[in-house]
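*Asks:* After the structure tokens below, expect a handful of questions from me.
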Amino acid sequence: MLAIDPGSKHTGFAISDPLRLVIEPLETWHGPGESEDLLRAIDALAADRQLGVILIGLPLNADGSDSERCVSIRAFAPKLQARFKNLKVILRNEHLSTKEAEARLHEAGYRGAEIRDRSDAWAAMVILEEWVLLGEPVTREPEARD
């Protein structure tokens with residue numbers, strides 16, 4: 001499983017093993033969100049792994065409504081599904097995942113720039129952990145378009 005915390009300038013990734021016992025953050029990707037370059041970065045990550053699921057963090061508001069950022073992420077999800085036809089692409093509410101990631105990083109002894117450099121990947125890890133622990137509530141399945 002691969003979790004993605006997409007941002008407009010940085011995208012965090014986290015991965016789990018097939019048994020979902022180990023979940024770890026990967027390197028943060030620096031570049032424009034929802035771009036062809038990001039799709040190529042995801043291609044590279046997928047090439048080295050046997051993935052079955054890609055989770056995409058969807059930054060809903062506290063009341064469950066879509067934030068402004070949701071529009072571009074909802075448009076990106078079908079592109080990702082079309083590219084990875086054999087994988088299940090799931091949009092997952094990521095509300096407060098970055099706050100949780102930053103708190104964990106602080107507890108682990110990271111400070112300032114170290115937290116900023118790691119927070120996107122750790123937020124992806126939080127999204128993936130919550131999905132594994134809480135089950136599979138889907139915000140909305142993207143539709144693949146040819």
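The values are calculated or read from the model by the stated rules, or taken from the named source; none is laboratory data. Owing to the predicted nature of the structure, the values given are computational and were not obtained by experimental measurement. So basically every Cβ, Gly included, is an ideal-geometry build from the backbone, and we count neighbours across all protein chains shown.
*Asks:* Is at least one residue of region 81-90 of a type in the set (K, R), touching a residue at least 24 places away in the same chain (Cβ under 8 Å), out of contact with any Lys or Arg (no Cβ under 7 Å at 6 or more places or on another chain) and surrounded by 13 or more Cβ atoms within 10 Å (Cβ to Cβ)?
*Replies:* Yes, region 81-90 contains a residue that is of a type in the set (K, R), touching a residue at least 24 places away in the same chain (Cβ under 8 Å), out of contact with any Lys or Arg (no Cβ under 7 Å at 6 or more places or on another chain) and surrounded by 13 or more Cβ atoms within 10 Å (Cβ to Cβ).
*Asks:* Also, I was wondering about something else. Quickly run through region 9-24 and pick out the residues that are small (G, A, S) and over 11 Å from the mean Cα position of the chain (by Cα).
*Replies:* The one that is small (G, A, S) and over 11 Å from the mean Cα position of the chain (by Cα): S16.
*Asks:* Now for a different question. Report yes if R92 is of a type outside the set (G, A, S), in a helix (DSSP H, G or I) and at pLDDT 90 or above, otherwise no.
*Replies:* In short, no.
*Asks:* Which ones in region 25-44 are within 18 Å of I127 (Cα to Cα) and in contact with a strand residue (DSSP E or B) (Cβ under 6 Å, 6 or more places away or on another chain)?
*Replies:* Hits for region 25-44 are P25, L26, T28, W29, G33.
*Asks:* Give the number of residues within region 95-108 that are outside any helix (DSSP H, G or I) and either of a type in the set (G, A, S) or free of Cβ contacts under 8 Å to residues at least 24 places away in the same chain (or both).
*Replies:* Going through region 95-108 one residue at a time, the tally reaches 2.
*Asks:* Might you let me know whether region 10-31 holds any residue that is among the charged types (D, E, K, R) and part of a helix (DSSP H, G or I)?
*Replies:* No, region 10-31 has no match at all.
*Asks:* In addition: Which condition number in (1) modelled with pLDDT under 95; (2) closer than 21 Å to W131 by Cβ; (3) of a type outside the set (V, I, T) is the one that P25 fails?
*Replies:* Going through the list (1) modelled with pLDDT under 95; (2) closer than 21 Å to W131 by Cβ; (3) of a type outside the set (V, I, T), P25 breaks only (1).
*Asks:* Pairs please, first residue from region 117-141 and of a type in the set (D, E), second anywhere and modelled with pLDDT under 90, Cβ atoms under 7 Å, 6+ apart in sequence or on different chains.
*Replies:* Close Cβ pairs (under 7 Å, with a partner that is modelled with pLDDT under 90) amount to D120/G7.
*Asks:* Pull up region 37-71, narrow it to residues that are in a helix (DSSP H, G or I) and in contact (Cβ under 8 Å) with a residue 40 or more places away in the chain, then point me to the one that is surrounded by the most Cβ atoms within 10 Å (Cβ to Cβ).
*Replies:* It comes out as I42.
*Asks:* Residue by residue through region 91-110, note down the ones that are under 16 Å from the mean Cα position of the chain (by Cα), among the charged types (D, E, K, R) and surrounded by 13 or more Cβ atoms within 10 Å (Cβ to Cβ).
*Replies:* Passing the criteria: R92, E94, E100, E102.
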